[in-house]
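Quick notes on the structure that follows.
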Amino acid sequence: MSSPDHHRGISRLDQESVGTHGWQVRLQRKGVRYGRFFSDSAWGGKEKALLKALRFRDRILASGRRRELESESSRRSHKGPAARNRSGVVGVCEIVQRGTNGMIYRFWQANWTTADGIRKSVRFSVLEHGEDRAFTLACRARREAMG
């Protein structure tokens, strides 16, 4: 359990409001999602449910899909923007929001995932910086965050 990737693809779900407690396994490969929920109550407790989740995840990874599953996000980002990307820059997107006052607010947002798997983002206001500058700042923030 010392490896940082030990729980890769596994999330803990504790939702008191609906009495849900367990581990969710989620993996994706070429648009195909693999997933299963391991309830604490069904598997005899939190630790036993985690062991079942780990075994399930490891079976999927060992079935010849390991390399594709582990490198899917890094391979995608190295190939360039996805087809649905309208900014032309991986990890940079335009955000449009309507305020409670009815005003439309536009931002350019940089998104990335840290080495320990935490998703991060930063927004730059088009109103404050202007269109080109907000986009440039978002691209720079993404580039600097990715190292």
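Quick notes on this one:
- Taking the criterion of being small (G, A, S) and either within 27 Å of H7 (Cα to Cα) or touching a residue at least 60 places away in the same chain (Cβ under 8 Å) (or both), the residues of segment 89-147 that qualify are G91, A110, A115, G117, S121, A145, G147.
- All conditions in (1) buried (at least 17 other Cβ atoms within 10 Å of the Cβ); (2) modelled with pLDDT under 85 hold for L50, with the sole exception of (2).
- Against the conditions (1) buried (at least 19 other Cβ atoms within 10 Å of the Cβ); (2) assigned to a strand (DSSP E or B), V122 satisfies every one except (1).
- Against the list (1) outside any strand (DSSP E or B); (2) at pLDDT 90 or above, the condition H21 fails is (1).
- Test: residue in segment 74-97 that is modelled with pLDDT under 90, of a type in the set (A, V, I, L, M), in contact with a helix residue (DSSP H, G or I) (Cβ under 9 Å, 6 or more places away or on another chain) and farther than 21 Å from A145 by Cα: no
The values are calculated or read from the model by the stated rules, or taken from the named source; none is laboratory data. Predicted model, so just to flag it, every value in this text is computed and none were measured. Neighbour counts are summed over all protein chains in view; Cβ atoms, including those assigned to glycine, are modelled from backbone coordinates with ideal geometry.
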